[in-house]
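Only one structure is covered here, and it is reproduced in the block below.
Values in this text are rule-based calculations from the coordinates and carry no lab data. All values reported here derive from a predicted model rather than from experimental measurement. Positions of Cβ are generated from backbone atoms using ideal geometry, with glycine treated the same way; all protein chains shown enter the neighbour counts.
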Amino acid sequence: MSYSITDPSPRQKWFAGTLVILYALITLMPLVWILMTGFKTPPDSISYPPKVIFQPSLEGYVNLFTTRTRVSPDDLAALPPPANFAEEIVRNRDMVIVGPSKFGERFMNSVIIGFGSTFLSIFLGTLAAYAFSRYKIPLKDDLLFFILSTRMMPPIAVAIPIFLMYRTLGLSDTHLGMILLYTAVNISLAVWLLKGFIDEIPREYEEAALIDGYTRFQAFYKVVLPQAATGIASTAIFCLIFAWNEYAFAVLLTSGTAQTAPPFIPTIIGVGGLDWPAVAAGATIFLLPVMVFTILLRKHLLRGITFGAVRK
Amino acid sequence: MAEIIIENLQKMFGEFTAVQSSSFTIEDGEFFMLLGPSGCGKTTTLRMIAGLELPTSGEIYLDGEEVSQRPASQRDIAFVFQMFALYPHMKVGQNLRYPLISQGMGRAEANAKVAEVAKILGIEGILDRPVGGLSGGDRQRVALGRAIVREPKAFMMDEPLGALDAEFREHMAEELRALHDRMGATTVYVTHDQLEAMQMGDKIVVMNHGVVEQFGTPQDVYDKPATMFVADFIGAPSMNFLTFAGSVRPGQDTVELDGATFGVPRQIGAAQGDLVFGVRPEHVGFDDASPYRGRIDATEYLGTTQIVTVATPNGDLKARIPSSEVVREGESVGLTFRAETITLFERSSGRALRSELNKEVVADV
């Protein structure tokens, strides 16, 4: 009896394809709903039964980026004609735009803090992982376990000490404070993941570089880093996703200058009724950077999570 | 090019002694083999010469300069790794150029040098290819190219043929030796394959358990083994050991095995107790007139010669005789040995006894 790997029959392919599409539909449903809600008018967004086919509107996005105030019909009529589509949409609701909202600013905070802490985690994590992988370090295993143990409790369990500490140190509501905090949480993940990747890189590559007349550091960044790119990319994605989505510490430690998007988006609800399209618009925009980042690095990510299982 | 002198080199990994007080000299332009079973410390020795490991104690003189504690980058030595270790993110040409750039060589000059080396090795056609898709032989050539492009003082090679398949290995060994002869570069080559060592080396160091057992030309190491380990490790099949109890006095030139007298090279030292009579399979002859008899247990046909296993009163023995001689399993035969080739060993220490044969290579103990 002999077995061989055969191509799946058309029927099997069809079946597998259907399964995948069904699964994708189910998991993508919330995302699709958020995307749709962002383009609905507020009445459409809360209509029952829910509207799947609707007249798209940019009202949610306009509301997200602006602050508005209600004016009397007489005052409205006295105004010059609307200068752009945004003003037109707002005036249809008997309101005028009085200025930008804080969303842009909060979003930038998220970008600075998210990417900043990701960069710092990866930078420190790569150096530490390299040292753990290549050098003889006393108590290496204990140190590695110690680093991992920082992940063994939910970070929020130390929220109050951190809150008090940050207040004393003046780190509350600062970009630096949030970057340090997210880096502290991510660094153990980064060290462990990256150590695994660097362990897989044969030492001979660096040794060849040493022999070729390069210093240890040159060998590290000219030979090891390019080899570790896959691991760095996938680790960076995990770090970014955590820092980007983190909510609890952001609520607790930021309120103004350094507030990130996650605690900001729900506050939209409090302003002038349940403005679901604006919330959905905020969520949609918020999703984009991680999506773009992941798509850019996805080739590395796929290789990253199977790294070690399959030898090149 | 350079002469390399190793003096009392020692390497400890914690409690474990990887290399124990080794001393030998590699002369300028020599193709030098470090031979031994795995774990014997040969690779560690090579890595210490290259600067990839720092010795615990001892000196390494490279061209008269003591370099044992210097980093690899300052020793001007090239290294060919067993797995080749070509930079996987670079193309072949970039791999070859990389050692030159570290020396601050200009782009045009480096390219000219790379082209020259590529021509020597016959890899001009693949300079723009990524190293990933190369065949084993081409990888080997690129690894060699990366080593020779810089014209270093010496080459270190760590089982460079180990990753190739048997058929190709032979061919590459010839190519390697030809390349060495052409460049005249001092080469230190690690291998566990005694045949490879005999075939390619000008000199061989045989190591075991971190200790240098013997150091000399392939002929010396083969004909005049200093220890039973060397006699056993070199040659296939290896030297036969017939154990006997007896004594040896200076000037003696015969020993008795089970009542039969055999000639041996004139002995210089004295020994007594359990001794070993060492004879290479090709120096065993069959002669029915001989009083020393054995029973043929097995024969192995090898083309022009055959290997015959004979049970003797002093242990099993293998003889390499022409295939034309007809022998039958179970038959009793008389055995003769070529007297001038015999080495006697002290069984407890495994050391060869000094005789007229080996007095130049075996130290007085």
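The figures follow:
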{"item": "Flag for B:ALA108 being away from chain A (no Cβ under 14 Å) and in a helix (DSSP H, G or I)", "result": "yes"}
{"item": "Residue within the stretch B:327-336 that is surrounded by 19 or more Cβ atoms within 10 Å (Cβ to Cβ) and either in contact with a Leu (Cβ under 9 Å, 6 or more places away or on another chain) or of a type in the set (Asp, Glu) (or both) present", "result": "yes"}
{"item": "Candidate set: the stretch B:229-262, residues that are of a type in the set (S, T, N, Q) and outside any loop (DSSP other than H, G, I, E, B); chosen: the one farthest from the chain's Cα centre (by Cα)", "result": "B:THR261"}
{"item": "Restricting the stretch B:122-136 to residues that are more than 12 Å from every other protein chain (Cβ to nearest Cβ) and crowded, with 19+ Cβ neighbours inside 10 Å, the residue that is nearest to the chain's Cα centre (by Cα)", "result": "B:ILE123"}
{"item": "Test: A:ALA159 is of a type in the set (Gly, Ala, Ser), in a helix (DSSP H, G or I) and more than 22 Å from A:GLY231 (Cα to Cα)", "result": "yes"}
{"item": "Helices (runs of 4 or more DSSP H) within the stretch B:117-223 that include 3 or more residues of a type in the set (Lys, Arg)", "result": "B:136-148, B:166-183"}
{"item": "Filter result for A:GLY256 (assigned to a loop (DSSP other than H, G, I, E, B), within 30 Å of A:GLY170 (Cβ to Cβ) and in contact (Cβ under 8 Å) with a residue 60 or more places away in the chain)", "result": "yes"}
{"item": "Candidates A:THR69, A:THR41, A:THR37, filtered to the one that is closer than 25 Å to A:GLY104 by Cα, over 27 Å from the mean Cα position of the chain (by Cα) and crowded, with 19+ Cβ neighbours inside 10 Å", "result": "A:THR41"}
{"item": "Scope the stretch B:53-73; condition within 14 Å of another protein chain (Cβ to nearest Cβ) and within 22 Å of B:GLU30 (Cα to Cα); matching residues", "result": "B:LEU62, B:VAL67, B:ALA72"}
{"item": "Test: residue in the stretch A:228-247 that is more than 28 Å from A:ALA131 (Cβ to Cβ) and not hydrophobic (A, V, I, L, M, F, W, C)", "result": "yes"}
{"item": "Unique match (being within 14 Å of another protein chain (Cβ to nearest Cβ), in a helix (DSSP H, G or I) and on the phi < 0 side of the Ramachandran plot) among B:LEU100, B:LEU86", "result": "B:LEU100"}
{"item": "Residue match in the stretch A:105-124 (condition: in contact (Cβ under 8 Å) with a residue 12 or more places away in the chain and over 30 Å from A:LEU225 (Cα atoms))", "result": "yes"}
{"item": "Any chance A:TYR205 is facing chain B (nearest Cβ under 9 Å) and either of a type in the set (S, T, N, Q) or over 13 Å from B:LEU86 (Cα atoms) (or both)", "result": "no"}
{"item": "Matching residues in the stretch B:30-81 - criterion: being touching a Lys or Arg at 6+ places or on another chain (Cβ under 7 Å), closer than 16 Å to A:ASP212 by Cα and either in a loop (DSSP other than H, G, I, E, B) or of a type in the set (Val, Ile, Thr) (or both)", "result": "B:GLY51, B:GLU53, B:ASP76, B:ILE77"}
